Amino acid sequence: VTKPDFESLLTLKDAAGKKASAFRSRETITLVVTIRNRSDAARTLTLPTSQTHDCFVYAGKGEEVWRWSSSRMFAQVITEMTFAPGESRSFTATWDQTDRKGAPLPPGDYQAVGLVPAGVPGARSDPATFAIRPPDV
């Protein structure tokens, strides 16, 4: 089986900037999407707009509760990113634990996925599971 030229990883960080998988309710979560060229040659990704990344949060049964790009506008221009062999780039998004209507999400278990919208294998990260904990009493 041939591995794709690109590999993506999603890292979640807490308000202090530390990698975490559990967060206090209402704490800002930073989502870091990193894409890496795993090949021995330079590779170029062609994106359909100026959007370089996206992040999604899913509840229990895979229901999308938040998407970073949903309230944003992107220039309708083809964007190319060329990566040297082994080069990686990271993109960040912050999230205040609200759903797409702005309501706070209840404590529980969630999954997040990071994506570079190039439509190539390896441009979507594996899901990162995390928990929102009730606020400290």
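The values are calculated or read from the model by the stated rules, or taken from the named source; none is laboratory data. Computed from a prediction, not measured in an experiment: that's the story for all the values here. No Cβ is skipped: glycine too gets one built from the backbone with ideal geometry, and neighbour counts run over all protein chains shown. The protein model used for the area step is the full one, side chains on, heavy atoms only, and it has no ligands, DNA or RNA in it. Shrake-Rupley method; radii C 1.70, N 1.55, O 1.52, S 1.80 Å.
Surface composition of the chain: carbon plus sulfur atoms hold 51% of the accessible area, using a 1.4 angstrom probe and ignoring ligands, DNA and RNA.
In the context of the full set of protein chains, the stretch 1-108 has a per residue accessible area of 58 Å² (1.4 Å probe).
Here the simple spin-label model places points 7 Å from the Cα toward Cβ, and for D14 and D126 these points are separated by 2.4 nm. Compute the distance in nm between two label points, each set 7 Å from the Cα along the Cα-to-Cβ direction, one at D136 and one at A59. Placing both labels 7 Å along Cα→Cβ, they lie 2.8 nm apart. Between A75 and D99, the contour length at 0.36 nm per residue exceeds the alpha carbon distance by 6.1 nm.
Straight-line cross-link reach from K61 at under 20 Å between alpha-carbon atoms covers these aspartates and glutamates, not counting any fewer than eight positions away in the same chain: D99, D109, D126. Measuring nothing but how far apart in sequence close Cα pairs (under 8 Å, 6+ apart) lie, relative to its length, the chain scores a relative contact order of 35 percent.
Given a Förster radius of 30 Å and the C-beta distance between S21 and T49 as r, what FRET efficiency does 1/(1 + (r/R0)^6) yield to the nearest 0.05?
Values: r = 31 Å, r/R0 = 1.04.
FRET efficiency, S21 to T49: 0.45.
Answer with a single label: of (1) 1.11; (2) 1.18; (3) 1.07, which was calculated as Cα Rg over 2.2 N^0.38 Å from the structure in view? Structure-derived value, by its label: (1). Of the GluC sites (Glu not before Pro) found in the stretch 17-69, those in coil by DSSP whose Cβ has at most 12 other Cβ atoms within 10 Å are E63.
Each peptide in 5-14, 73-82, 44-53 gets a packing score, the mean of other Cβ atoms within 10 Å over its residues, and the list from highest to lowest is 5-14, 44-53, 73-82.
Placing unit charges on the Cβ atoms only, positive for Lys and Arg and negative for Asp and Glu, gives the stretch 25-137 a dipole magnitude near 140 debye about its Cα centre. The loop-placed trypsin sites (Lys or Arg not before Pro) in the stretch 58-137, going by DSSP, that have at most 10 neighbouring Cβ atoms within 10 Å of their Cβ come out as K61, R72, K101.
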